[in-house]
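These notes are about the structure you will find just below.
The values are calculated or read from the model by the stated rules, or taken from the named source; none is laboratory data. Here the structure is a predicted model, which is why all the values come from computation and not from measurement. Here the Cβ positions follow ideal geometry from the backbone for every residue, glycine too, while neighbour counts run over all protein chains shown. For the accessible areas, the whole protein counts, side chains as well, though only heavy atoms, and no ligand, DNA or RNA atoms are used. Shrake-Rupley method; radii C 1.70, N 1.55, O 1.52, S 1.80 Å.
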Amino acid sequence: MQISKNSAVEFHYTLSEAGEQLETSTGNEPLSYIHGLEGMLPGLEKALEGKSAGDTLSVTLEPSESYGERVDDLIQRIPLKHLQGDTKVWKPGMTAMVHSNQGRHQVTIVKVGRFNADCDLNHPFAGKTLTFDVQILSVREATSDELSHGHVHSEGGCGHNH
């Protein structure tokens, strides 16, 4: 089956910039998404269109096709209690997740005070030309539940109530 609108796709990827590896899913859980529901970077989704399980590809994306250009002075003061991550002690350079009325965002800590942190709201990969090396593991038709929820379900359901 080829990847097309409403396909449930599972793949491993290695992300790099100028030959330096930034992150990889290899050795961890693969990434999964439903094709055509805007849950994937636009440039990567376009490159995956028409591919099948077992295919491998390498695609280089400009910032406009991935995380966008960096915006200077996109700094916001956020209460420490709203920062989510694997630590209780925040330091400059660390990344955290923040929930807002626009959804979840990854931010980079710039400066930490007693109660607040100044955070760079640019995605850490904004402004970078990125290369994705992809190995497609599976392609199937998404279920009606997955389509209504907007994401792929693992074995046994998705673990949330709608």
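Quick notes on this structure:
- Accessible surface ranking for 153, 82, 1.4 angstrom probe, highest first: 82, 153.
- Sites listed here are chymotrypsin sites (Phe, Trp or Tyr not before Pro) in region 43-128 whose DSSP assignment is loop and whose Cβ has at most 13 other Cβ atoms within 10 Å: 115.
- The separation of region 77-148 from region 6-60, counted between C-alpha centres, amounts to 18 Å.
- 123, 99, ranked by accessible area, largest first (probe 1.4 Å): 99, 123
- Structure-derived percent of Cα pairs over 29 Å apart: which label, when the choices are [x] 42; [y] 14; [z] 29: [z]
- Rg/Rh ratio calculated on Cα atoms of region 39-130 (Kirkwood radius): 1.09
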